[in-house]
Structure formats: C-alpha cells, structure tokens
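> Just dropping this structure here.
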Amino acid sequence: MPEPTAYQCTSCARTTDDKPAPLELMPSGKTFKRHSVFADSTERCTGGTPKHAQTPEGTPEGKAHCIECGLIHTKLKSGTRVAKHMNPETLLACEQRENASVGCPINVPGYKHTVTLREGKMSFHKFKDSDTRCPGSNRTLTEARKVKTIPEIKAKAPDKVPNKTPIYKSLPGIEKSMLKAKALAKDLAAVEHPWKATYEQDVEAGKVELLLTRGKGADQEVMSISWWNGACFGGEGKITHAYKGRIVAVRNASAIKQRGRVAPEQIKAEFGKVATRVSKPRTIKTVEQKREMLPFDPSKADDTEVLLAVLGKTVKWENTISGKEEADVVKSNPVLKVVKGERQLTFRGTKTTKTIRLAKLISVG
C-alpha cells in the first residue's frame, strides 16, 4: 500500500496538498508552521498535530478520501479528486471543494458559525464572544448533531473604553498652570485655619504665581508657589513660607499643603525658638581660653608627658609670622628640642615635617 504524501492539521483540517496555499511542516515533522484557519483569512490556527490526510489503514489501493465529505472512493489519476459520488449530508453530488463551508449545527442561541469542511469534518472554531471552543470542531455534521453537552459560555468582559486624551494635555500653558494653582488653593481653603489665595499671571511665559495668606498684621503668614506651563519647580527660593521676616524654603506643592495644615500657634512657637537662638550668638573662645584646655602645661610638663599627649592627635598652634591658627596630625617621630631657650616640637605631619614652638600650642585633640 503506498505511503500517504499529504498531512492534515488536526485543528483546522487544512492539508499540505491544499491549493493555492498548502501547509508546511516544520523540519521536525511534528508540527506545522504558523498558518491561518482558512487560506483566505487572517484568523490564526491555534495549533494542531499533523496526521495522514489519507489513512493507510482500511484504505484500499487506488482509493482515497474525498476532500469535502471524507468518504473513500476510487482515486482519479490526476490531482486529489475521486470518482463522482453523492454527499451523504446534502444527498446531492459531492462537489469535492477544497474550501467547502457549512453551518455548524451546534444549537446555542445567539451563535451561528460558518466553518470550513475538510474530509467531512468541520474545522476548529470558537464562540465569538468567549474563548470557549465549539464542540463541533473536528467533527462531522452528523457527529455534531448528536452532541448533547454544550459548554457553559461566559461572555468576555467588555473591552475597556480607551481613555480619552485628558483635556489637560490640550490646554495652553497658562491654563495648565492656573488649573494646578486653583486646585491647591481650594485644598488649603478647606483646612481648619483656611488660607486666602491671590494669583499673578504671565500669559506669555505660561506662569502663574499663587500667593496664600493667613492671619492679619504682624502675625500674617505668606506662602508663594509658581507653575510654568503646568510644571512646578522648587529650589532657589521659588517656593517659600514667610512669617515675621523669616523665610523658609518649601520643597514642592505637597510640602505647601502639609505646611498649610500647621496651626498658626505652632508657626508662632517655631518662630519663637528660632528667634531665641538668634538672640544668643555663639561665643568664640580666645587663644588664652583654648590654651587653658590643653592636657598639659607647656611651661611645666616634661618631655615624656608632652610626647605621649600629642602622638596621633591633631594639634593646633599659632603661626608666629601670620598670626593665624594652623593644624596638623602628629603622625610619627615627635621630638622636643630646646632652641634659643625655647622648647620646639618637631613631628612628621600629614604631608611634611613640622616644627612648632611649644609655647604657641593652642589645642590637642
């Protein structure tokens, strides 16, 4: 018995002998290359395994399956046609069409499928509004009519309505800025201690400056924030909160909201603390006061006491020529010598060797 040369997809029933668009096997011979359910459609076949289009078993030599009804008849010498015969479904002469279409007999209200018929079997198809496969797929019309169990069909969730382009994007720059300014002003007008808003505009630059005020007279607070073409930029004092001459930089619009919710009493208390710190300036110790903090008395301590105290420490001294303070770390080799009646400390510093008068030492630490 001759080996069959055509292979058929078990899902869509198209074959490698179809004309004008035959299926193609992958090199492994186990699957087909990507293809559509119909030769003239774009609906992709979900995949099927190759089977012999003409089953050797039970097919006598010289016989073949009709490509439309699937019955075995005498094979003609040319092409894939067989001898003329009657189609058992229509009781008319079988047309042996390669792309014969029939209506699926599966009775589901609201669904009507017209599918391709291959060797008497309907190709793979699904219910359009769901991902459910129709049980008539890969069955003959007679077999499909006997199907009693119909799968539950769940309609797909309706496609989300595509977001329309926000009106904001189409607005001119000045209107974008004003929209954001008014939104922030509305938010702060609703807090426990509300703020009043005024606006300054520069139409050409697309700039809107929002001024928020609260309180009266000397206790008035002012916050300022600006937008350029809808964008807000902080830094360099562009967003501020001012109270009694004290100006605080605020990071962004969210920080303005947060600061706007702070009660006036807290702002006043915060200012009081800062004013107290400013009124008490930091005192700077004199050189003599610093020398009193030395761990030894330069005029009385012996060499061993001095050397142990300075090794590995940062020492500061007064430069005799410039009168300025200098500092370095005593890395190694500290040595005390008496030169012209004065003790001098020589040591290896961070970069070079230093020699200083011990009497000019200011601090060790």
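> When you scan the range 208-215, do you find a residue that is in a strand (DSSP E or B), within 20 Å of Ala269 (Cβ to Cβ) and either of a type outside the set (Ser, Thr, Tyr) or in contact with a Gly (Cβ under 8 Å, 6 or more places away or on another chain) (or both), even just one?
The answer is yes, given that some residue of the range 208-215 is in a strand (DSSP E or B), within 20 Å of Ala269 (Cβ to Cβ) and either of a type outside the set (Ser, Thr, Tyr) or in contact with a Gly (Cβ under 8 Å, 6 or more places away or on another chain) (or both).
> While we're here: Among the residues of the range 310-318, is any more than 56 Å from the chain's Cα centre (by Cα) and assigned to a strand (DSSP E or B)?
Yes, the range 310-318 has at least one match.
> Could you check how many residues of the range 222-238 are under 17 Å from Asp187 (Cα atoms) and either in a loop (DSSP other than H, G, I, E, B) or not hydrophobic (A, V, I, L, M, F, W, C) (or both)?
2
> Another question about this same structure. Does Val306 meet the test of being at pLDDT 90 or above and not basic (Lys, Arg)?
yes
> Moving to a separate point now. Counting just the residues of the range 320-355 that are over 25 Å from Thr286 (Cβ atoms) and among the basic types (Lys, Arg), which one comes out surrounded by the fewest Cβ atoms within 10 Å (Cβ to Cβ)?
Per the stated criteria, the residue is Lys340.
> Here's another thing I want to ask about it. Give the residue, chosen from Lys351, Lys324, that is farther than 23 Å from Met293 by Cβ and either of a type in the set (S, T, N, Q) or free of Cβ contacts under 8 Å to residues at least 24 places away in the same chain (or both).
One residue alone meets the criteria, Lys351.
> Could we say that Glu270 is surrounded by 11 or more Cβ atoms within 10 Å (Cβ to Cβ), assigned by TED's automatic domain parsing to the domain that holds Leu211 and among the acidic types (Asp, Glu) here?
yes
> Among (1) in a loop (DSSP other than H, G, I, E, B); (2) at pLDDT below 85, where does Glu204 come up short?
Condition (2) is where Glu204 drops out.
> Quick check on the range 7-28: of everything there that is buried (at least 21 other Cβ atoms within 10 Å of the Cβ) and of a type in the set (A, V, I, L, M), which residue is farthest from the chain's Cα centre (by Cα)?
Here the residue is Ala13.
> Here is a follow-up. Restricting to the range 184-198, name every residue that is part of a helix (DSSP H, G or I) and loosely packed, with under 15 Cβ neighbours inside 10 Å.
Across the range 184-198, the qualifying residues are Lys186, Ala189.
> Follow-up question, since we're still on this one. Of all residues in the range 308-321, which are more than 17 Å from Leu294 (Cα to Cα) and either in contact with a helix residue (DSSP H, G or I) (Cβ under 6 Å, 6 or more places away or on another chain) or β-branched (Val, Ile, Thr) (or both)?
To start, the set of residues in the range 308-321 that are more than 17 Å from Leu294 (Cα to Cα) comprises 319-321.
Thr320, Ile321 - these are the residues of the range 308-321 that are more than 17 Å from Leu294 (Cα to Cα) and either in contact with a helix residue (DSSP H, G or I) (Cβ under 6 Å, 6 or more places away or on another chain) or β-branched (Val, Ile, Thr) (or both).
> Next question. Just to be sure before I move on: is Lys290 surrounded by 11 or more Cβ atoms within 10 Å (Cβ to Cβ), touching a residue at least 60 places away in the same chain (Cβ under 8 Å), farther than 30 Å from Val248 by Cα and not polar (S, T, N, Q) in the structure I sent?
Spelling it out, Lys290 is indeed surrounded by 11 or more Cβ atoms within 10 Å (Cβ to Cβ), touching a residue at least 60 places away in the same chain (Cβ under 8 Å), farther than 30 Å from Val248 by Cα and not polar (S, T, N, Q).
> For Val262, state whether it is surrounded by 14 or more Cβ atoms within 10 Å (Cβ to Cβ), in contact with a His (Cβ under 6 Å, 6 or more places away or on another chain), in the same structural domain as Leu188 (by TED's automatic domain parsing) and not acidic (Asp, Glu). Full working, then the answer.
Working: surrounded by 14 or more Cβ atoms within 10 Å (Cβ to Cβ): yes; in contact with a His (Cβ under 6 Å, 6 or more places away or on another chain): no; in the same structural domain as Leu188 (by TED's automatic domain parsing): yes; not acidic (Asp, Glu): yes.
No: the conditions fail for Val262.
> Can I ask one more? Out of everything in the range 90-110 that is at pLDDT below 80 and among the aliphatic types (A, V, I, L, M), what residue ends up being surrounded by the most Cβ atoms within 10 Å (Cβ to Cβ)?
Val108
> Of the residues Ala301, Ala253, Ala242, Ala249, which single one is touching a residue at least 40 places away in the same chain (Cβ under 8 Å), at negative phi and of a type in the set (Gly, Ala, Ser)?
So the residue among Ala301, Ala253, Ala242, Ala249 that is touching a residue at least 40 places away in the same chain (Cβ under 8 Å), at negative phi and of a type in the set (Gly, Ala, Ser) is Ala253.
> List every residue pair whose Cβ atoms sit under 8 Å apart, with the two residues 6 or more apart in sequence or on different chains, where the first one lies in the range 168-184 and is within 11 Å of Asn229 (Cα to Cα) and the second, anywhere, is among the hydroxyl-bearing types (Ser, Thr, Tyr) and assigned to a helix (DSSP H, G or I).
Lys176/Tyr168; Leu179/Tyr168
> Can you spot a residue in the range 205-224 that is within 35 Å of the chain's Cα centre (by Cα), closer than 13 Å to Gly173 by Cβ and not small (Gly, Ala, Ser)?
Yes: one or more hits.
> Okay, next question. Scan the range 111-126 for residues that are more than 14 Å from Gly70 (Cα to Cα) and either buried (at least 20 other Cβ atoms within 10 Å of the Cβ) or touching a residue at least 12 places away in the same chain (Cβ under 8 Å) (or both) and jot them down.
Within the range 111-126, the first condition is being more than 14 Å from Gly70 (Cα to Cα), and the residues that meet it are 111-115, 124-126.
Answer for the range 111-126, where residues must be more than 14 Å from Gly70 (Cα to Cα) and either buried (at least 20 other Cβ atoms within 10 Å of the Cβ) or touching a residue at least 12 places away in the same chain (Cβ under 8 Å) (or both): Tyr111, His113, Thr114, Val115, Phe124, His125.
> In the range 256-273, how many are in contact (Cβ under 8 Å) with a residue 12 or more places away in the chain and part of a helix (DSSP H, G or I)?
8
The values are calculated or read from the model by the stated rules, or taken from the named source; none is laboratory data. Computed from a predicted structure; not experimentally measured. Note that we place each Cβ from the backbone using ideal geometry, even for glycine, and neighbour counts take in every protein chain shown.
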